[in-house]
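Enquirer: Have a look at this one before I ask anything.
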Amino acid sequence: MDQESYKVIEESLIREVAAILSMDQGSVGPEVPLHEMGLDSLGFVELLVIIENKFKIKLMESGLTKNDFRTIRSLSSKIGAMK
Amino acid sequence: MIALPYSRNKRYLTGIDWIVHVLNYMTMRETGAGFMSQVVIEVAGDLNAFVVDNVLNTFIKKHPIVNGCFSRDINLAPYWKISLDKKSEISLDTMTLKGDESFDVIINSLEKGINTLFNNKKEHIAFHILTGGGKSYIAMTFDHLLFDARNAEAFLNMFQKGWEGVEDSGNMTITEPAHLSMWMDKFKAGQRVNRAFLQIADRIPPRVLPLPPGKKNGFKFKILSFSRKVAEAITENAFNQAGYLMLMPYALSASVSALHEIFAGRGFASGNYVIPVSIDTRKKEEVKRQVFFNNVSFFIFKVEAALADKFPELLKSVKEQMYNQVKADLPGDICKASLLMRIAPLPLLGSLMKIYLKGQIASFSFSYVGETAYESSCFMDNKIINIFHMPRVPVPPGIGIFFQQSKESLNVILSYLDGMLTDEESGKILNLLKSRLGVE
């Protein structure tokens with residue numbers, strides 16, 4: 001995948017996380033850990049469902065390692081690599 | 001449908017509120033007291049009961065909704081009739097501590113408050129103060145007809161904001177439509193909920209602990225309080241074993257695993273576990289707007305007994321079920337479908353709720369209340385040491401495990417009807433929970 005495609009995924013995830021947390025998109029940083037932004041188990045599972053619907057990738061069974069899922073940037077890379 | 005003019009002293013009940021009324025009815029019938037809970041704030045220093053009483057009375061009088069009661073409208077929709085009588089005083093009792101009491105003794109004293117009936121049908125809040133030995137506990141016993149756990153914290157937060165001179169109730173809403181439209185949407189949600197429950201139901205009832213004899217049993221509580229440092233270690237264990245941000249499935253799996261040992265110890269060999277998990281789907285800002293009534297919904301987990309002592313498989317099953325229920329929006333469907341149930345009288349609905357699980361409701365209750373709605377680090381001018389909850393669990397099942405975070409601690413609360421567990425069993429559950437959470 002090219003850099004532009006990763007950027008599109010990242011922007012899409014920022015929109016979704018902002019919606020789940022009722023935050024302004026500008027306050028959602030791609031490098032900020034999701035738990036520090038206030039995402040909990042329920043919000044995170046909601047995000048995984050959105051990712052499945054949007055990118056046709058089911059991540060729940062992937063191990064959900066902290067390194068891959070901790071930030072929007074790392075999550076975008078994971079999705080990009082799986083697409 | 002008859003359109004009624006909006007009334008200032010009326011707040012329609014949602015379907016979830018109605019389910020809470022049913023649980024209250026069932027618990028009252030089994031134990032003589034209702035579906036109540038208690039939020040306890042432990043503070044440094046002595047609280048002056050006279051001052052607390054005065055300030056609380058002034059605050060409560062601004063919120064006549066707390067002195068309401070259930071009624072039915074001409075269109076049959078149930079509603080909360082808000083009392084405009086501002087004469088009623090809050091109930092507050094005090095007790096002096098010597099200062100050398102163990103935490104268990106303090107919990108025993110706090111149990112008296114949560115196991116005491118309200119004085120009348122319009123009383124839904126009572127306060128208790130324990131003070132002495134350089135610290136105090138203020139407990140607000142509340143009726144779940146009025147608040148869920150997070151809203152109770154939000155209510156006390158509103159009180160504290162007022163004390164600090166920051167009135168923060170400007171955006172609060174207490175209105176609710178009668179929800180007497182979009183019937184097809186509700187019926188379709190009802191169909192989906194029905195299918196989900198049929199999938200959970202087995203041919204035999206789920207595993208449950210027998211209720212003790214007698215109708216006047218109070219609730220007992222065992223509480224584990226973990227410091228921030230230990231709570232962070234638990235979170236890290238959850239992330240490593242269950243996956244990033246999977247703290248709720250991890251805590252639920254640990255609870256199933258711990259309780260399974262008690263069932264196994266008693267020789268239970270048939271039936272699986274069914275666990276309703278209450279969740280708050282609101283955003284943080286919505287908690288400030290909707291301080292009263294119940295803003296929760298539910299997941300319903302079924303755990304095969306054969307998986308209960310295989311932790312990795314148990315975790316996998318719980319995570320899968322959570323994912324599938326979020327994907328199917330089961331909590332949303334329960335909210336919509338429950339609006340249809342409001343027509344049913346409480347005894348009838350109580351019986352109907354037991355049909356799916358062959359006369360039972362659940363094996364135990366579980367909830368995980370994450371971020372606290374109480375924002376200040378003080379209660380009045382006293383520094384907070386901890387905030388924890390003491391919920392009476394609906395009966396049946398009469399037993400539950402609750403995880404709840406305050407700014408200061410992670411608390412794990414085992415709540416059970418007196419006589420359901422021996423002291424040895426309740427102690428064993430706490431030890432097993434510590435072990436499963438990796439903090440022995």
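Enquirer: Of (1) more than 30 Å from residue B:189 (Cβ to Cβ); (2) touching a residue at least 40 places away in the same chain (Cβ under 8 Å), residue B:366 satisfies all except one. Which?
Expert: (1)
Enquirer: Regarding region B:232-242, can at least one residue be identified that is assigned to a loop (DSSP other than H, G, I, E, B), farther than 30 Å from residue B:63 by Cα and in contact with a helix residue (DSSP H, G or I) (Cβ under 7 Å, 6 or more places away or on another chain)?
Expert: Within region B:232-242 (the criterion being assigned to a loop (DSSP other than H, G, I, E, B), farther than 30 Å from residue B:63 by Cα and in contact with a helix residue (DSSP H, G or I) (Cβ under 7 Å, 6 or more places away or on another chain)), the answer is yes, since at least one residue qualifies.
Enquirer: Of the conditions (1) surrounded by fewer than 18 Cβ atoms within 10 Å (Cβ to Cβ); (2) touching a helix residue (DSSP H, G or I) at 6+ places or on another chain (Cβ under 9 Å); (3) modelled with pLDDT under 95, residue A:59 fails just one. Which one is it?
Expert: Of the numbered conditions (1) surrounded by fewer than 18 Cβ atoms within 10 Å (Cβ to Cβ); (2) touching a helix residue (DSSP H, G or I) at 6+ places or on another chain (Cβ under 9 Å); (3) modelled with pLDDT under 95, the odd one out for residue A:59 is (1).
Enquirer: With without any contact (Cβ under 8 Å) to a residue 24 or more places away in the chain and farther than 19 Å from residue B:130 by Cβ as the only criterion, which of B:31, B:58, B:27 stands out?
Expert: Going through B:31, B:58, B:27 in turn, just one is without any contact (Cβ under 8 Å) to a residue 24 or more places away in the chain and farther than 19 Å from residue B:130 by Cβ: B:58.
Enquirer: Being within 12 Å of chain A (Cβ to nearest Cβ), crowded, with 22+ Cβ neighbours inside 10 Å, in contact (Cβ under 8 Å) with a residue 40 or more places away in the chain and among the aliphatic types (A, V, I, L, M) is the filter here, so list the residues in region B:297-329 that pass it.
Expert: Of everything in region B:297-329, those that are within 12 Å of chain A (Cβ to nearest Cβ), crowded, with 22+ Cβ neighbours inside 10 Å, in contact (Cβ under 8 Å) with a residue 40 or more places away in the chain and among the aliphatic types (A, V, I, L, M) turn out to be B:315, B:318, B:322.
Enquirer: Now for a separate question. Taking residue B:385 as the residue in question, decide whether it is part of a strand (DSSP E or B), under 24 Å from residue B:51 (Cβ atoms) and at pLDDT 95 or above.
Expert: The answer is yes for residue B:385.
Enquirer: Still on this structure, please answer the following. Which of the residues spanning region B:109-141 are in contact with a strand residue (DSSP E or B) (Cβ under 9 Å, 6 or more places away or on another chain), more than 26 Å from residue B:66 (Cβ to Cβ) and either among the β-branched types (Val, Ile, Thr) or surrounded by 13 or more Cβ atoms within 10 Å (Cβ to Cβ) (or both)?
Expert: If the condition is that a residue be in contact with a strand residue (DSSP E or B) (Cβ under 9 Å, 6 or more places away or on another chain), more than 26 Å from residue B:66 (Cβ to Cβ) and either among the β-branched types (Val, Ile, Thr) or surrounded by 13 or more Cβ atoms within 10 Å (Cβ to Cβ) (or both), then B:132, B:135 are the ones that fit.
Enquirer: Moving on to the next point. Output the residue which, of all residues in region B:287-296 that are within 12 Å of chain A (Cβ to nearest Cβ) and aliphatic (A, V, I, L, M), is surrounded by the most Cβ atoms within 10 Å (Cβ to Cβ).
Expert: This residue is B:296.
Enquirer: Being within 14 Å of another protein chain (Cβ to nearest Cβ) and among the aliphatic types (A, V, I, L, M): is that true of residue B:277 here?
Expert: Yes.
Enquirer: Another question, if that's okay. Pick from region B:226-272 the residues that are of a type in the set (Phe, Trp, Tyr) and more than 30 Å from residue A:74 (Cα to Cα): which of them is modelled with the lowest pLDDT?
Expert: B:268
Enquirer: Only one of these is among the β-branched types (Val, Ile, Thr) and at pLDDT below 95: B:326, B:287, B:303. Name it.
Expert: B:287
Enquirer: When the residues of region B:219-250 are filtered to those that are more than 13 Å from chain A (Cβ to nearest Cβ) and more than 22 Å from residue B:426 (Cα to Cα), which remaining residue is surrounded by the most Cβ atoms within 10 Å (Cβ to Cβ)?
Expert: Looking at residues that are more than 13 Å from chain A (Cβ to nearest Cβ) and more than 22 Å from residue B:426 (Cα to Cα), I get B:233.
Enquirer: Let me ask something else. Is it true that residue B:337 is among the aliphatic types (A, V, I, L, M), touching a residue at least 24 places away in the same chain (Cβ under 8 Å) and assigned by TED's automatic domain parsing to the domain that holds residue B:296?
Expert: For residue B:337, the condition - among the aliphatic types (A, V, I, L, M), touching a residue at least 24 places away in the same chain (Cβ under 8 Å) and assigned by TED's automatic domain parsing to the domain that holds residue B:296 - is met.
Enquirer: Also: What single numbered condition from (1) surrounded by fewer than 23 Cβ atoms within 10 Å (Cβ to Cβ); (2) in contact (Cβ under 8 Å) with a residue 12 or more places away in the chain; (3) under 23 Å from residue B:212 (Cα atoms) fails to hold for residue B:355?
Expert: Result: residue B:355 passes all but (2).
Enquirer: Looking at region B:265-273, is at least one residue outside any loop (DSSP other than H, G, I, E, B) and within 22 Å of the chain's Cα centre (by Cα)?
Expert: yes
Enquirer: Next up: Mind checking whether some residue in region B:193-215 is within 14 Å of chain A (Cβ to nearest Cβ), buried (at least 19 other Cβ atoms within 10 Å of the Cβ) and in a loop (DSSP other than H, G, I, E, B)?
Expert: No.
Enquirer: I'd like the full set of residues that are assigned to a loop (DSSP other than H, G, I, E, B) and facing chain B (nearest Cβ under 8 Å), limited to region A:30-82.
Expert: Those that are assigned to a loop (DSSP other than H, G, I, E, B) and facing chain B (nearest Cβ under 8 Å): A:38, A:39, A:40, A:63, A:64, A:65, A:70.
The values are calculated or read from the model by the stated rules, or taken from the named source; none is laboratory data. Given the structure is predicted, the values throughout are model-derived calculations rather than measurements. Glycine also receives a Cβ, built like all others from the backbone with ideal geometry; neighbour counts cover every protein chain displayed.
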